[in-house]
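Here is the structure we will look at, set down as structure tokens.
Read the figures in this text as sums done on the coordinates, not as results from a lab. Remember, it's a predicted structure, so these values are computed and weren't measured experimentally. Cβ placement follows ideal geometry from the backbone for every residue including glycine, while neighbour counts extend to all protein chains displayed.
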Amino acid sequence: MIQISEIIKQAKLGRARKEAQTDTCTVFAAALYDLLQAQQIPCSMACVQSVHGAPWAHLLVEVDGKFYDSMGEFSTEIYRVRAKIHPTVTVQLKFTKDFREECYDPEFDDLYLFYLKKIEQALTAYVDCNKKSDPVAAC
């Protein structure tokens, strides 16, 4: 099975990676979802929301019970580290099923194509690397 988190981390997204954490998470999630579907990897869209504090939402892709965004794997613990939340502060996130259809506005079509291309390139490099006899030395 492919390591989705590694492919995401190897995708050369530049500044767009940070944007996919804030303003364009829906576009990135759509691109990742479409790529995984094309590879016949069962996946679904999911939305995570804060339960307490300032309201926010973030679109993710779920594969085998794990969630992914433009930084790789996403979980409550990973979010806590990324957001630099003190260990004594209670964090409660709510994960719900979401849908791929019309998850972003057409004005983001070019960005979607950019994300898709970069993730495809990372997947190709990952597959090529793992075909070699000594992937650690070769990659």
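Global dimensions of the chain from alpha-carbon coordinates: Rg and Dmax equal 15.6, 50 Å. Take the chain, mark every one of the GluC sites (Glu not before Pro) that falls in a DSSP loop and has at most 12 other Cβ within 10 Å, then report the longest stretch left between them, sites excluded. Longest gap between qualifying sites, sites excluded: 1-100. Taking Ala54, Ala16, Ala29 as the candidate residues, the one with maximal mean-square fluctuation in a Gaussian network model of the chain, Cα springs under 10 Å, is Ala54. In whole angstrom, segment 19-69 maps to an equivalent ellipsoid with semi-axes of 22, 13, 6, each derived as √(5λ) from the alpha carbon gyration tensor and ordered largest first. Ignoring the sites themselves, what is the longest stretch of the chain with no chymotrypsin sites (Phe, Trp or Tyr not before Pro) in a DSSP loop and at most 16 other beta-carbon atoms within 10 Å? Maximal segment without exposed cleavage sites: 1-55. In a reduced charge model with +1 at each Lys and Arg Cβ and -1 at each Asp and Glu Cβ, the chain shows a dipole moment near 600 debye about its Cα centre. Across segment 1-101, C-alpha contacts under 8 Å between residues 6 or more apart give a mean separation that, scaled by the residue count, equals a relative contact order of 31 percent.
Counting only Cβ charges, +1 for Lys and Arg and -1 for Asp and Glu, the dipole size of segment 1-80 around its Cα centre is about 280 debye.
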